[in-house]
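Single-structure report; data block below.
Values in this text are rule-based calculations from the coordinates and carry no lab data. Computed from a prediction, not measured in an experiment: that's the story for all the values here. Heads up, the Cβs are rebuilt from the backbone with ideal geometry, glycines too, and the neighbour counts pull from every protein chain shown.
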Amino acid sequence: MKALSIKEPWASMILRGEKTVEVRTWRTNYRGDILVCASAKPKTENSGNALCIVEIVDCRPMKKSDAKLSGGYFEPKSYSWVLENIRKIKKFPVKGKLSIFNVECVVECLK
């Protein structure tokens, strides 16, 4: 499964549905499900774990109006990755990497 490491507290905000735009300096052509992994640092209760699956439905140049959806963050010349269909999973440890990476896993979605 495709995966993406995201620093805390933003990974947990995605899990809770509070953040539906991920801001990156690079664009992606990938569309579909991706595993959201909380990076190892800073240390939180979710650090180093896969937290949820989301669907990347769009990637576009960032607009000021995306700031609220991205957790209050606006960065000109960046890209907004639009996230939908958040599915909480039973968290499990993942060693994060840069960029989009692959994780071999069987995921248990929680209701």
Tell me which aspartates and glutamates have Cα within less than 14 Å of LYS41's Cα, excluding those fewer than 8 residues away on the same chain? GLU8
Taking a straight Cα-to-Cα line shorter than 12 Å from LYS64, and setting aside same-chain aspartates and glutamates fewer than 8 residues away, one finds GLU75
With unit charges on the beta carbon (Lys/Arg positive, Asp/Glu negative), name the residue among SER65, PRO76, ILE53 whose Cα is farthest towards the positive pole of the charge dipole of the chain. PRO76
Can you list the aspartates and glutamates whose alpha carbon is less than 14 Å from that of LYS2, not counting same-chain residues fewer than 8 positions off? ASP33, GLU55, GLU104
